[in-house]
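S.K.: If you scroll down you'll find the structure; I have some questions about it.
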Ligand code: 1CP
């Protein structure tokens, strides 16, 4: 039996005060994060240093008392474990060897071999299970296949996911094969995270909004549904959060169609709209605009209260609509939490 607020909300309970955590809560807006990252050397070294990755995961819990801790790692570690080289260009972002041909697809490592590279991530989770306060829920995660594929195909972040859309149009077999490969590897990766102590898993489909019509069904919804079905078969009762970011109208019915226990919504939809159209199927996570944590003041307090009020009639996990940005003021995070908890 559990009394952790996040797990109760994920089971469909409407709580008087919503549990709260933040995407990218361990990140560059925190001075203690920047110090630990400097100690690790660089971002990827931090991800693969289990002690330090656990330390940065715990920092926002100590500072703010969030209801959940999210594993510190990155969605690009899984494709790296499949073979392509990954590095981060300072001030620019991720770079990765591309996978766009049948030969490159065939050269990816067998799924079972990902654990060699990803073992430190599982160790981070094991450390966290020992060190987290007992009321705090531990969330593991992976990128959804489409979003991971956009980076594997382009070799970097892109504004419109153009290279991935182009491969989908010109060589659908290779594109679909890559989606399948990421899907099967993600099932093993998340299952290992659960075995190491993750109590909830979240699938980040950050670029779902650029898939339209049947493509959304085939490449955002179906792979997500396949991952969820496989994980639930292996780990009965495992709660799963799906985040098909900027899905718009496709948020409607996504929980039922994918099997997710909770759908996270971004701030391109209003909380009132999401309460009416998405929360009727179960728990919703979201959706304060992250820029309010930069600007602060009364709009932040009013915004946090508005989100809380809009979702008060059903199961809700308070969060941002996307990750907190490096220029956010750490004091504003405290103000947001106080506004949600009614302090
Ligand atoms: O300089 C730094 O310290 C690196 C910044 C950073 C951080 C803090 C990156 C690089 N990744 C992370 C951690 C991270 N990434 C977490 C940890 C848990 C948390 O606190 O939330 C998670 C869940 C992610 C997920 C992630 N990585 C996503 C999906 C969510 C989202 O933001 O849309 C994506 C798209 C990535 C790729 C990535 N990693 C890092 C950057 C800058 C990017 C985006 C690249 C781009 O497309 O421009």
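Where a number appears in this text, it was derived from the coordinates with a stated rule and is not lab data. From a predicted model like this one, the values you see are computed outputs, not experimental measurements. As a convention, Cβ positions derive from the backbone with ideal geometry for all residues, glycine included, and neighbour counts pool all protein chains shown.
S.K.: Do we find that residue 118 is closer than 14 Å to residue 152 by Cβ and touching a helix residue (DSSP H, G or I) at 6+ places or on another chain (Cβ under 7 Å) in this structure?
M.R.: Details: closer than 14 Å to residue 152 by Cβ: no; touching a helix residue (DSSP H, G or I) at 6+ places or on another chain (Cβ under 7 Å): yes.
No; evaluated as a whole, the condition is false for this residue.
S.K.: Which residues, counting only those in segment 38-55, are near the ligand (Cβ under 8 Å from one of its atoms) and surrounded by 19 or more Cβ atoms within 10 Å (Cβ to Cβ)?
M.R.: Of everything in segment 38-55, those that are near the ligand (Cβ under 8 Å from one of its atoms) and surrounded by 19 or more Cβ atoms within 10 Å (Cβ to Cβ) turn out to be 46, 47.
S.K.: Any idea which of (1) free of Cβ contacts under 8 Å to residues at least 24 places away in the same chain; (2) more than 20 Å from the chain's Cα centre (by Cα); (3) not in a helix (DSSP H, G or I) is the one residue 158 doesn't satisfy?
M.R.: For residue 158, the failing item is (2).
S.K.: In segment 63-94, what residues are more than 10 Å from the ligand (Cβ to nearest atom), in a loop (DSSP other than H, G, I, E, B) and under 30 Å from residue 338 (Cβ atoms)?
M.R.: 65, 66, 67
S.K.: Scan segment 95-145 for residues that are under 14 Å from residue 178 (Cα atoms), assigned to a helix (DSSP H, G or I) and under 20 Å from the mean Cα position of the chain (by Cα) and jot them down.
M.R.: Matches in segment 95-145: 145 only.
S.K.: Moving to a separate point now. Any idea which of 149, 220 is farther than 21 Å from residue 109 by Cα, surrounded by 23 or more Cβ atoms within 10 Å (Cβ to Cβ) and under 17 Å from the mean Cα position of the chain (by Cα)? Write out each step before concluding.
M.R.: Working: 149 fails: farther than 21 Å from residue 109 by Cα.
Going through 149, 220 in turn, the sole match is 220.
S.K.: Right, something else. Which members of segment 255-268 meet the condition of being crowded, with 21+ Cβ neighbours inside 10 Å and in contact with a helix residue (DSSP H, G or I) (Cβ under 7 Å, 6 or more places away or on another chain)?
M.R.: Selection gives 255, 258, 260, 261, 262, 263, 265.
S.K.: Also, quick follow-up: Within the bounds of segment 273-288, is there any residue that is assigned to a loop (DSSP other than H, G, I, E, B) and either in contact (Cβ under 8 Å) with a residue 40 or more places away in the chain or out of contact with any helix residue (DSSP H, G or I) (no Cβ under 7 Å at 6 or more places or on another chain) (or both)? Lay out the reasoning, then the answer.
M.R.: Step one: of segment 273-288, the residues assigned to a loop (DSSP other than H, G, I, E, B) are 278, 282.
If we keep only those that are either in contact (Cβ under 8 Å) with a residue 40 or more places away in the chain or out of contact with any helix residue (DSSP H, G or I) (no Cβ under 7 Å at 6 or more places or on another chain) (or both) too, we end up with 282.
Checked against the condition, which is being assigned to a loop (DSSP other than H, G, I, E, B) and either in contact (Cβ under 8 Å) with a residue 40 or more places away in the chain or out of contact with any helix residue (DSSP H, G or I) (no Cβ under 7 Å at 6 or more places or on another chain) (or both), segment 273-288 yields at least one hit.
S.K.: Still on this structure, please answer the following. Is at least one residue of segment 8-21 surrounded by fewer than 14 Cβ atoms within 10 Å (Cβ to Cβ) and under 23 Å from residue 322 (Cβ atoms)?
M.R.: no
S.K.: Hey, another quick one. For residues that are away from the ligand (no atom under 14 Å from the Cβ) and either touching a strand residue (DSSP E or B) at 6+ places or on another chain (Cβ under 6 Å) or not in a helix (DSSP H, G or I) (or both), tally how many sit in segment 321-336.
M.R.: Adding up the residues that qualify gives 1.
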